[in-house]
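The values are calculated or read from the model by the stated rules, or taken from the named source; none is laboratory data. As the structure is a prediction and not an experimental result, all values here were calculated from the model. FYI the Cβ positions are ideal-geometry reconstructions off the backbone, even for glycines, and counts take in every protein chain you see. Heads up: the accessible areas ignore ligands, DNA and RNA and are worked out on the full protein's heavy atoms, side chains in. Shrake-Rupley method; radii C 1.70, N 1.55, O 1.52, S 1.80 Å.
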Amino acid sequence: MSILMRAPKECGSWCWDLEEVVPAGLESALLVAARVAEVLKRFDLLDPVRIEFGWYVLGSGPTGVRSTLFTSLPLHDPALPEKVLGSQPAAFPDSEVGDLHIGGSGTWFDTAGKGRREPGLIEFSVSTDPYGPTVTLEVHHDIWSPLDFSGRPHPDMHERNAPRLASALREITAVLGVSAETGDPTYFGHAVEFGIYTSEAQENGLGIDLTDRL
């Protein structure tokens with residue numbers, strides 16, 4: 001059972017628009033996903049085990065059908081696109097694959113320095129739109145911020161986790177060759193370059209208590 005609190009909205013997000021540098025298509029999106037996943041796995045932030053995606057019909061919109069593919073194949077495996085397309089819903093023979101959401105668990109470190117596994121530690125997806133892929137990465141936990149969700153400083157937790165995320169974000173930017181755009185703020189925080197901002201500590205050393213919406 002998880003001992004991390006998870007926000008229902010992201011604490012921060014980053015987006016890399018590859019429209020002008022990477023061709024469109026499912027195969028291209030999977031190759032991009034593989035490059036990002038390789039970086040995240042190297043930092044032990046995500047071990048990808050599944051791909052989730054919806055189906056849409058051009059001109060009509062989403063079909064309401066979603067597929068989940070559990071696979072041991074690496075995301076760059078040439079056999080993977082065929083497996084993805086093989087899950088097309090029979091009721092929608094003209095449907096196409098929507099955005100690819102890559103799921104799995106990652107490792108975070110508690111105040112004692114013990115590594116713990118957490119499902120969905122990092123959320124990331126790659127679009128399959130006809131203009132070219134876009135990568136989106138989100139985080140939903142307070143371990144990346146200097147303050148926890150209750151507004152209390154937790155420097156040990158922050159120092160054991162946030163630098164790994166920052167390093168991974170920098171490397172993803174280098175691998176993709178484009179700068180990231182930060183997402184819109186939410187109640188739980190927002191991304192600032194390669195980190196997370198929630199609220200500044202007040203005179204009593206505490207920030208805003210965000211637990212009312214957890």
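Odds and ends about this structure:
- Here region 129-147 is the region considered, the condition is being modelled with pLDDT under 95 and open to solvent by 20 Å² or more (accessible area, probe 1.4 Å), and the residue that is nearest to the chain's Cα centre (by Cα) is ASP129.
Okay, residues lined up against (1) under 16 Å from GLY25 (Cα atoms); (2) in a loop (DSSP other than H, G, I, E, B):
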residue: LYS41; (1), (2): no, no
residue: PRO48; (1), (2): no, no
residue: TRP55; (1), (2): yes, no
residue: ARG66; (1), (2): no, no
residue: LEU69; (1), (2): no, no
residue: LEU73; (1), (2): no, yes
residue: ASP77; (1), (2): yes, yes
residue: VAL84; (1), (2): yes, no
residue: PRO89; (1), (2): no, yes
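- Elements of type strands (runs of 3 or more DSSP E) contained in region 99-196, each with 3 or more residues being under 15 Å from ASP17 (Cβ atoms): 123-126, 134-139
- Taken as a whole, the condition of being within 12 Å of the chain's Cα centre (by Cα), surrounded by 16 or more Cβ atoms within 10 Å (Cβ to Cβ) and farther than 15 Å from GLU118 by Cβ applies to TRP14.
- Matching residues, region 31-61, being without any contact (Cβ under 8 Å) to a residue 12 or more places away in the chain and more than 18 Å from the chain's Cα centre (by Cα): GLY59, SER60, GLY61
- In region 159-186, the residues that are free of Cβ contacts under 8 Å to residues at least 60 places away in the same chain and open to solvent by less than 20 Å² (accessible area, probe 1.4 Å) form Cβ pairs under 8 Å with partners that are β-branched (Val, Ile, Thr) and outside any strand (DSSP E or B), at six or more places apart or across chains, as follows: ASN161/ILE143; ALA162/ILE143.
- Odd one out for PHE109 among (1) surrounded by fewer than 18 Cβ atoms within 10 Å (Cβ to Cβ); (2) at pLDDT below 95; (3) in contact with a helix residue (DSSP H, G or I) (Cβ under 6 Å, 6 or more places away or on another chain): (2)
- The lone exception for PHE149 - which of (1) closer than 14 Å to ILE51 by Cα; (2) touching a Ser or Thr at 6+ places or on another chain (Cβ under 9 Å) it fails: (1)
- Criterion (in contact with a strand residue (DSSP E or B) (Cβ under 9 Å, 6 or more places away or on another chain) and in contact (Cβ under 8 Å) with a residue 40 or more places away in the chain) met by exactly one of GLY98, GLY64: GLY98
- Test: residue in region 21-30 that is under 17 Å from the mean Cα position of the chain (by Cα) and either modelled with pLDDT of 95 or more or open to solvent by 30 Å² or more (accessible area, probe 1.4 Å) (or both): yes
- Among residues of region 182-199, those that are touching a helix residue (DSSP H, G or I) at 6+ places or on another chain (Cβ under 8 Å) and either β-branched (Val, Ile, Thr) or under 21 Å from MET5 (Cα atoms) (or both), counted: 5
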